[in-house]
Every structure is written in C-alpha cells, then in structure tokens.
1. For the stretch 78-89, name all the residues that are part of a helix (DSSP H, G or I), over 23 Å from G14 (Cβ atoms) and either in contact (Cβ under 8 Å) with a residue 40 or more places away in the chain or open to solvent by less than 10 Å² (accessible area, probe 1.4 Å) (or both).
2. For the stretch 103-137, which residues satisfy the criterion of being touching a helix residue (DSSP H, G or I) at 6+ places or on another chain (Cβ under 9 Å), open to solvent by less than 40 Å² (accessible area, probe 1.4 Å) and either within 13 Å of F160 (Cα to Cα) or among the polar types (S, T, N, Q) (or both)?
3. With respect to D90, determine if the residue is modelled with pLDDT of 95 or more, under 20 Å from I165 (Cα atoms) and either out of contact with any strand residue (DSSP E or B) (no Cβ under 7 Å at 6 or more places or on another chain) or among the acidic types (D, E) (or both).
4. For the stretch 47-77, which positions are open to solvent by less than 10 Å² (accessible area, probe 1.4 Å) and within 23 Å of E101 (Cβ to Cβ)?
5. For the stretch 105-114, does any single residue satisfy the condition of being within 23 Å of A182 (Cβ to Cβ) and either in a helix (DSSP H, G or I) or charged (D, E, K, R) (or both)?
6. Would it be correct to say that N37 is at negative phi, touching a residue at least 24 places away in the same chain (Cβ under 8 Å), among the polar types (S, T, N, Q) and surrounded by 15 or more Cβ atoms within 10 Å (Cβ to Cβ)?
7. If a residue must be open to solvent by 90 Å² or more (accessible area, probe 1.4 Å), charged (D, E, K, R) and touching a residue at least 60 places away in the same chain (Cβ under 8 Å), how many such residues does the stretch 1-23 contain?
8. Check H60 against each of (1) in contact with a strand residue (DSSP E or B) (Cβ under 6 Å, 6 or more places away or on another chain); (2) free of Cβ contacts under 8 Å to residues at least 40 places away in the same chain; (3) farther than 19 Å from F141 by Cα and name the one condition it does not meet.
Amino acid sequence: MIAEIIPDAYDFSGKKIGRPTGKRIRVFHPTFPIGRNLSQPLSKRFCNIDELRKFLLTCHYVSDEAQFGKKDYWLPPEEFEKRKKGDCEDFALYTWRQLIEMGIKSRFVVGESGRYGEGHAWVTIEMNGKPFLFEPLACAFKKLPRLSMVRYKPEISVKFKDGKISYYSHEKLNYNPTALKAMALFKEWLFFWVKKWLFAIFYIFYKPIKALKNKIFS
C-alpha cells in the first residue's frame, strides 16, 4: 500500500499553479468542487493508517460505468464510505480525506500509471521527512517495494493546509538508474514478491491440511 518514493523517479513537490484548466482538465475533472470532498462529515474516524487500511480492505473496486452508467464520476468520500465501492479516484479521495483528518501531510494525485500509461489516481504522504506513495487499491499489502512506484507519473496534485486548497503540476521524470542501483531495486522487488507468493502458497495448502487434521483427531 505504501512505497517509499525515489526522488529521481517521481516529481514529489511539483510546481504550484492555480485551479487546473485547459489541457490539465484531461486528467483532472472532479464531479464536484474539490472543497466539497473535504467539508461533508464522515461517520468513521481512524486513529492511524492501519485502521484505515482495515476499512479499505472491506471496499471493492467497481468502475463508474458499472456503478453509475457514466464514463467518469468522482464519488464524494461520505458516499464512498456508505457504498464501500468505487474506482481509483473514489478510493484516493476517501483515503486523502481520512489522512487529512489524522493530521498526516498528504496530497490527492491524478496522473498516469501502469505499462500503458492509463489514467489513475492515488495519494502521496510525507512521514518523518520522507515522501511515500500511498496506493489505496493495494491495501492488501502494508508496504510495497520502491520499484513499484516507478510506474506512477503524477500530473496534478492537490494539497489542503490551513484551510486552503493548493494545486500543483508535476513533471514526468525519466528514471535511468545505474546498473548497481537497478540491481538493488530489483532484488528488493523480487524478495518482496517471492516472500508474498510463498506465504500465499503455504496458506492455501496449510488451511485444508489443518482442517483435515482437526477432522481426523476430533
């Protein structure tokens, strides 16, 4: 869910701009004013990221076409909380709102992600002076390897501080690590996923074996 950002691969701070207009509307087109997503009361309050993660695990990804019959619809956080389903913008807006409530420095971000540069939304946070990428759709994992964030290309981000909303534009950085750096990142990524798959395989086989054992000896 959280991956440490590699500064050379991700323009974390960006450049402050006015309200997105023109070409930026291609990726940033909220259904309601951004402030609307921060003003309405929520029924749930979380003390930390782990509690937020547990709630997100109960939510499901559903496209706007399937849920609303529309190509794009940014669901307000209080509605997402009730429905517990939505697409990437809905997950990200809700996560951003809850992180703000926790007092964690965070931004709602829209841009591109994936091999083919699909439109996507996520959150960034700053903790202990370090920048992190927060992917609500990957809440099955507490932490993600740094290499996972390289495919994220931010275009517009939104910050809320001292009652004011600020917008930022971001550059797309071409990340070309040295051979040693690339090898270290790949080893970290490989170790992470091998460990996850081994745990999953163990769990899949262990559960029925344990059930059978209990049945035999009960």
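The values are calculated or read from the model by the stated rules, or taken from the named source; none is laboratory data. These numbers were taken from a predicted model, which means no experiment stands behind them. Ideal geometry is used to build each Cβ from the backbone, glycine not excepted, and the neighbour counts take in all protein chains shown. For accessibility, only protein heavy atoms count, side chains too; no ligands or nucleic acids. Shrake-Rupley method; radii C 1.70, N 1.55, O 1.52, S 1.80 Å.
1. Selection gives F80 alone.
2. Result: I104, S106, R107, F108, V109, S113, V123, I125.
3. Details: modelled with pLDDT of 95 or more: yes; under 20 Å from I165 (Cα atoms): yes; either out of contact with any strand residue (DSSP E or B) (no Cβ under 7 Å at 6 or more places or on another chain) or among the acidic types (D, E) (or both): yes.
Judged against the criteria, D90 is a match.
4. Correct list: L52, L56, W74, L75, P76, P77.
5. Checking the stretch 105-114: at least one residue is within 23 Å of A182 (Cβ to Cβ) and either in a helix (DSSP H, G or I) or charged (D, E, K, R) (or both).
6. yes
7. Within the stretch 1-23, residues that are open to solvent by 90 Å² or more (accessible area, probe 1.4 Å), charged (D, E, K, R) and touching a residue at least 60 places away in the same chain (Cβ under 8 Å) number 4.
8. (3)
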